[in-house]
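The values are calculated or read from the model by the stated rules, or taken from the named source; none is laboratory data. Not measured: the values here are computed from a predicted model. Glycine also receives a Cβ, built like all others from the backbone with ideal geometry; neighbour counts cover every protein chain displayed.
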Amino acid sequence: MKGSSIFFAFLFLVACNPSNKLVKQGDAAQLKGLDDDAVSYYYNALLNKPNHPKAIAGLVESGQKVLNQKFARFNQLVIQNQVEEAIKAYTNARLFYQNALSVNVQLRWPDEYDDVYAEIRTEYVGTLYDEALVLMNEKKFEAAEQKFERIAKLDTLYKGITVLRLNTVLEPLYKQGIIQLNQGKYQQAYNTFSKIVAQDDQYKDAKLRQEEAIAKATTRIGILPIDSMPELEQLIGDRLQKSGFAYVKVTTANELRNVLTARGWGTIENRKQALEAAQNLGLNYVLWVKQMQVNYTEEPVKLEQRTAYEAFSENILNPYTGTFSAITKFRKVTYDDSYESRKLSLTIAYSLLVVGSGEEVSGDQLTFTQLDEQHQFIYKGSTLNLYEQLPTGNFLPPPNPEWKSLFTEVKRQPLSQQQLMVELNRQAARKITTVLNQYFKNKSK
């Protein structure tokens, strides 16, 4: 009997196993830690003699342990994303609980798992439903009917579906979509009505409901203040809009400028004004971006002498053979390094604010630095045999094409302050949108 999961699976004959004996057997199993076996004995004792106090006490203790184990298993399966097995585990736990109730023993039901089950069941039913639709489109009606029968066992909303009448297939979805709208689950409602529209865009008012759901599901973000850092604001807006979140719409700085001007808004100088403007526009969030500090430095052209090593051959007489052998030697030489640089540092602060409450849900102060250096090497002799460093052992130093190229490249102008700012804006936009994308990704789960 060890490992038994449903404790009512067998009954003992009353004549051979009176309730007191069953209770003693249950107590013995309980002492050994065999709670599955123990609950079977206590359950059958209660069938033999209802309200037996020791049987009730034993079933409460061992039954609760078994029920907790079942939910631990359920939780593990959910984490492992084994949805079908998790649903079976939850159903098994519920059956266990209900059978304890049938003998007047109420175990503690862990309510915290109900929402998890409802979520994965909805997900699983949706998967089965989509599979059934595919089978219908492929004219595999018998297989589709079997899918719908499995769905009906999990959700009574889907009872009565038949592939022979499309309205019976779509009506449960429609009812589910209405429930989701009323519960404020707008993203789920949008997905539900989209499935209906894909099958029949004239079914009831499913198309209007689909549009209502997407409008309510969409999070609208505005970037303010206008004209503070227009290039950065535009880059952030473009990157957020292209982030792939179906329910996030970003209103860029240019769009806000036109709308706010038309409504009589002038300069927006602080977060309070930004929140008021955003509320006036019906936005859900406002992204406040402010330039805190800009530092620009230039290093004018400098000419510095640097050291290199020139390889040359020398013939050495071998006194034993009277012949000459060529060996490579190195001599230290100097070359000129014509150097200049420009550096720009940008410090900005950003805050993502909830328009209704003014709460900051994400924010930071960030500093970005961009340096552009320009070198040109000048050497009066030949650079063919010039090396950056001396050899180690008996081998020539490894070639350094990048170092060598600086003797021959035409000197260019370093990036201007404006060009450096363009790159810093890109860095800032990447950083901010990465953080905000993670926030909205977590929020949509």
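List of remarks:
- Residue under evaluation Ala262, criteria (1) among the aliphatic types (A, V, I, L, M); (2) surrounded by 10 or more Cβ atoms within 10 Å (Cβ to Cβ); (3) farther than 30 Å from Glu388 by Cβ, criterion not met: (2)
Matching residues to (1) within 27 Å of Gly282 (Cβ to Cβ); (2) touching a Lys or Arg at 6+ places or on another chain (Cβ under 9 Å); (3) surrounded by 11 or more Cβ atoms within 10 Å (Cβ to Cβ):
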site	(1), (2), (3)
Leu346	no, no, yes
Ser351	yes, yes, yes
Gly358	yes, yes, yes
Gln376	no, yes, yes
Thr383	no, yes, yes
Phe395	no, no, no
Ser416	no, yes, yes
Lys431	no, no, yes
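- Among the candidates Ile87, Ile178, Ile151, Ile161, the residue that is among the hydrophobic types (A, V, I, L, M, F, W, C), within 18 Å of Ile196 (Cβ to Cβ) and either in the same structural domain as Leu47 (by TED's automatic domain parsing) or in a loop (DSSP other than H, G, I, E, B) (or both) is uniquely Ile161.
- Flag if Thr408 is in a loop (DSSP other than H, G, I, E, B), hydroxyl-bearing (Ser, Thr, Tyr) and at negative phi: yes
- Of the helices (runs of 4 or more DSSP H) lying entirely inside the range 230-288, those containing at least 1 residues that are closer than 15 Å to Leu352 by Cβ and either of a type in the set (Lys, Arg) or at pLDDT 80 or above (or both) are 230-241, 271-280.
- Residue that is nearest to Ile56 (Cα to Cα), among those in the range 114-129 that are surrounded by 13 or more Cβ atoms within 10 Å (Cβ to Cβ), hydrophobic (A, V, I, L, M, F, W, C) and under 23 Å from the mean Cα position of the chain (by Cα): Val116
- Within the option set Thr369, Thr408, Thr383, Thr434, being free of Cβ contacts under 8 Å to residues at least 12 places away in the same chain and β-branched (Val, Ile, Thr) holds for one residue only, Thr434.
- In the range 198-212, the residues that are under 21 Å from Leu133 (Cα atoms) and surrounded by fewer than 17 Cβ atoms within 10 Å (Cβ to Cβ): Ala198, Gln199, Asp200, Asp201, Gln202, Lys204, Asp205, Lys207
- In the set (1) touching a residue at least 60 places away in the same chain (Cβ under 8 Å); (2) under 23 Å from Ser62 (Cβ atoms); (3) surrounded by 18 or more Cβ atoms within 10 Å (Cβ to Cβ), the condition left unmet by Ile87 is number (2).
- Residue check, Gly322 in contact with a Phe, Trp or Tyr (Cβ under 8 Å, 6 or more places away or on another chain) and not hydroxyl-bearing (Ser, Thr, Tyr): no
- Meets criteria (in contact with a Phe, Trp or Tyr (Cβ under 6 Å, 6 or more places away or on another chain), surrounded by fewer than 17 Cβ atoms within 10 Å (Cβ to Cβ) and under 29 Å from Asp114 (Cα atoms)) for Val39: no
- Within the range 92-113, residues that are assigned by TED's automatic domain parsing to the domain that holds Tyr42 and farther than 16 Å from Ser62 by Cα reach partners that are at pLDDT 90 or above and among the charged types (D, E, K, R) with beta carbons closer than 7 Å, at six or more positions or on different chains, in the pairs Asn92/Lys70.
- One residue from Val301, Val361 being in a strand (DSSP E or B), modelled with pLDDT under 90 and of a type in the set (A, V, I, L, M): Val301
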